[in-house]
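Where a number appears in this text, it was derived from the coordinates with a stated rule and is not lab data. Please read all numbers here as calculations on a predicted model, not as lab measurements. No Cβ is skipped: glycine too gets one built from the backbone with ideal geometry, and neighbour counts run over all protein chains shown.
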């Protein structure tokens, strides 16, 4: 029984560490995205179209990267659960 308790404690620690990293990345991505959105309001008429297009591309890339992070986390969780089920 002590082995299970040790494994649970280790797993709990790992989940906590992952949660911290995920929250940090999420905060960074959201802040960067908001900065880009805010910057789009500071354009002059001369460069507005080109810059707005580039900002839209960057915002879309940030959103895609955030989704990739979410997908990787889900995939890793599922793979770990499958590995534990087979053990």
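Numerical summary
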| quantity | calculated |
| --- | --- |
| Theoretical gain in end-to-end length, residue 5 to residue 75 [0.36 nm per residue, Cα-Cα removed] | 22.6 nm |
| Pairwise FRET efficiency - residue 64 versus residue 17, Cβ, R0 = 41 Å, nearest 0.05 | 0.95 |
